[in-house]
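The values are calculated or read from the model by the stated rules, or taken from the named source; none is laboratory data. Just so it is clear, the structure is predicted and the values come from calculations on it, not from any experiment. A quick note on method: Cβ atoms are made from the backbone with ideal geometry, for glycine too, and the neighbour counts reach across all protein chains shown.
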Amino acid sequence: MTIKQLLVGALSVGALVGIAGCGGSSAGSTPTPSGGFSLPSIPGLGNNSGKSAPAASSLLSVSDVQNISGDSSVAPLSGACSSTTCIYSDTAGSGGGGGVIFVQPFPGAFGQAALQSAIAAALAGQASSGGGSAQSVSGLGSGAIKEIDTNSATYAFVKDNYLVVINVTSGTKSGSDMDSQVQAAAQKVAGSI
C-alpha cells in the first residue's frame with residue numbers, strides 16, 4: 001500500500017463517517033508535505049472526544065520507522081507532521097522506507113460499529129492493488145484489522161475515541177517481515193491513548 005493509497009483510504013473513512021451523519025466542523029488546516037501529498041482532515045471529526053492523545057510523531061517515532069523499515073535515511077517529511085498525523089519518508093531516496101501514523105479523535109456519540117465498518121471498507125478497497133488482504137486482529141481495540149502487502153504492513157483500529165492507522169513500507173523488507181514489528185508499534189500506540 002502506498003502512502004497515497006493510505007491517505008485515500010483515510011479519506012474514504014472520512015467520507016463514510018460524513019455519510020453516517022456525524023456532522024461538525026473540519027479538523028482544521030491541512031499542511032502539505034514536500035512530496036505533494038495533502039494530509040487528510042476528516043470532516044465531522046475533531047477534538048470532541050474530551051481528551052487528547054500524545055502527538056502522532058511521539059506515538060510512532062522516526063526511529064521506530066527506521067528500525068521497522070530497515071532504512072536509516074527515513075525522516076519526517078517537512079510540513080507533514082501534525083498532532084494527529086505524521087508522514088515519514090527516505091529523504092535520501094536510497095532505501096525506499098517510510099511510514100504514516102494517523103491518530104484521529106472522533107466524538108464519543110458517534111457509533112464505533114460504523115467507524116469500524118468504515119475502516120474495514122477503506123482498507124479492503126485498497127487490498128487488491130497491493131496484493132494484500134485485510135484481516136481481523138485482536139488485542140488493539142475495537143475493530144482492529146491489518147493488511148500485509150508485498151513491501152508494507154498496515155494496522156488500523158479504534159481505541160476509545162480514536163481512529164488509528166499505522167503503515168510502514170520498506171525497499172528491503174517484505175510486509176511479512178515487518179508484520180510483528182508494526183503490530184508491536186500498534187500495541188504501543190493502543191496503550192498510549
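Below is a table of values for the structure above.
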read-out: Near pairs, Cβ below 9 angstrom, 6+ apart or cross-chain, from segment 52-77 (part of a helix (DSSP H, G or I)) to any residue that is basic (Lys, Arg); value: 59/188; 64/188; 68/173; 69/173
read-out: Hits in segment 79-109 (condition: surrounded by fewer than 24 Cβ atoms within 10 Å (Cβ to Cβ), of a type in the set (Ser, Thr, Tyr) and either at pLDDT 90 or above or within 15 Å of residue 61 (Cβ to Cβ) (or both)); value: 82, 83
read-out: Any hit, segment 35-46, residues being surrounded by 15 or more Cβ atoms within 10 Å (Cβ to Cβ) and either modelled with pLDDT of 60 or more or outside any loop (DSSP other than H, G, I, E, B) (or both); value: no
read-out: Residue selected from segment 59-78 under the condition within 14 Å of the chain's Cα centre (by Cα) and over 12 Å from residue 102 (Cα atoms), by the criterion surrounded by the fewest Cβ atoms within 10 Å (Cβ to Cβ); value: 61
read-out: Counted residues, segment 141-192 - those being within 20 Å of residue 106 (Cα to Cα), buried (at least 16 other Cβ atoms within 10 Å of the Cβ) and more than 14 Å from the chain's Cα centre (by Cα); value: 4
read-out: Residues within segment 78-95 that are in contact with a strand residue (DSSP E or B) (Cβ under 6 Å, 6 or more places away or on another chain) and in a loop (DSSP other than H, G, I, E, B), tallied; value: 2
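Conditions tested, residue by residue: (1) among the hydrophobic types (A, V, I, L, M, F, W, C); (2) touching a Lys or Arg at 6+ places or on another chain (Cβ under 8 Å); (3) under 21 Å from residue 76 (Cα atoms).
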residue: 135; (1), (2), (3): no, yes, no
residue: 145; (1), (2), (3): yes, no, no
residue: 148; (1), (2), (3): yes, no, no
residue: 151; (1), (2), (3): no, yes, yes
residue: 162; (1), (2), (3): no, no, no
residue: 172; (1), (2), (3): no, no, yes
residue: 180; (1), (2), (3): no, no, no
residue: 184; (1), (2), (3): yes, no, yes
residue: 188; (1), (2), (3): no, no, yes
